[in-house]
Amino acid sequence: MIQGRMIDLENKDRFKQAEFAALIGVFGNIILAIIKWVIGVMAGSKALVADAVHSASDVAGSLAVYIGVRAAKQPPDKDHPYGHGKAESIAAIIVAVLLFLVGIEIGKSSIESFFEPIQAPKVLAIYAVVFSIIVKEAMFRYKYNLGKRINSDAIIINAYEHRSDVFSSIAALVGIGCAIVGDKIGVSWLVYADPVAGLFVSILVVKMAWKLGSESIHTTLDHVLHEEDTTDLREAVLTVPEVKKIDELHAREHGHYVIVDIKISVEPTMTVEEGHKVGKKVKSKLLENPNVQDVFVHINPFSPDDE
């Protein structure tokens, strides 16, 4: 009973931290997108405007994560006996799709710039980009460390959204810098470094969206932990003296937690009641692992021939 309360408190704290992190992403990206868009238009920088669009997409991403985290914290019910943990993975997929579409849009806008008259951006654009890099890197480190600590795919993928923004801002900084220098020294073709940077940003964004999206889909499709990742679970089960053998163990990832299905062999002469008690012991042992949400135990009669 005490253990159950402790787990509930840990889960509540986990969701509070995840929701807070998602809200930081929402408001932080809104502020950055407005700053970069306004300065990008004022300074005449295609790369900075593309970077602003990227930050705006992160607003939608952080909102999706926030909604996913709130859905994931709902307790199991009749229709969802395994809980709502996969809501976080679904939110992560939505973010990846948004990121992919934004990458395509940035690339399209940058390519179109090569067929239009273009001028070098103003120096003001550089200050906006440097500010964005510092803020975004801080947000990435905060969310990545938090996501790892609370085992949240949605928060981790949201962190990588911020990291992709750092990369895109660095590319924008290089492009803007080269365009300004080219204009100063009279090398006209360097002015196109700005849209080239925008194109480079789009490739980075699309690549990251594809990678993170495929990982989230893999998790959503009832991925089970590999045998080397379940060693601690197997060792815990074998500490129960009545367990003769583990016939099968599947630990299914369900968002931030796992559901364990296990088949064990016990002495065939045991009564049903005795076998039930062994199953309860095994379940209790596995639930000591903070990542395990629920356990289903199947009892088999042990036979030496099975060895």
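Where a number appears in this text, it was derived from the coordinates with a stated rule and is not lab data. Owing to the predicted nature of the structure, the values given are computational and were not obtained by experimental measurement. Note that we place each Cβ from the backbone using ideal geometry, even for glycine, and neighbour counts take in every protein chain shown.
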Query raised in the report: Which of the peptides 34-47, 176-189 is most tightly packed, and how do the rest follow, judged by the mean count of other Cβ atoms within 10 Å per residue?
Result: 34-47, 176-189
Requested in this report: Answer rounded, prolate or oblate for segment 227-306, using the Cα gyration tensor with square roots of eigenvalues a ≥ b ≥ c: rounded when a/c is under 1.5, else prolate when a/b is larger than b/c, else oblate.
Outcome: prolate
Query raised in the report: If you place +1 on the Cβ of every Lys and Arg, -1 on the Cβ of every Asp and Glu, and leave all else neutral, what size is the dipole of segment 122-205 about its Cα centre, to the nearest 20 Debye?
Result: 280 debye
Query raised in the report: About the Cα centre of segment 158-248, what is the dipole size in debye to 20, counting +1 per Lys and Arg Cβ and -1 per Asp and Glu Cβ, all else neutral?
Result: 600 debye
Report summary line: Given the candidates V196, A172, Y160, the one whose Cα lies deepest towards the positive end of the charge dipole of segment 117-205, counting +1 at each Lys or Arg C-beta and -1 at each Asp or Glu C-beta, is Y160
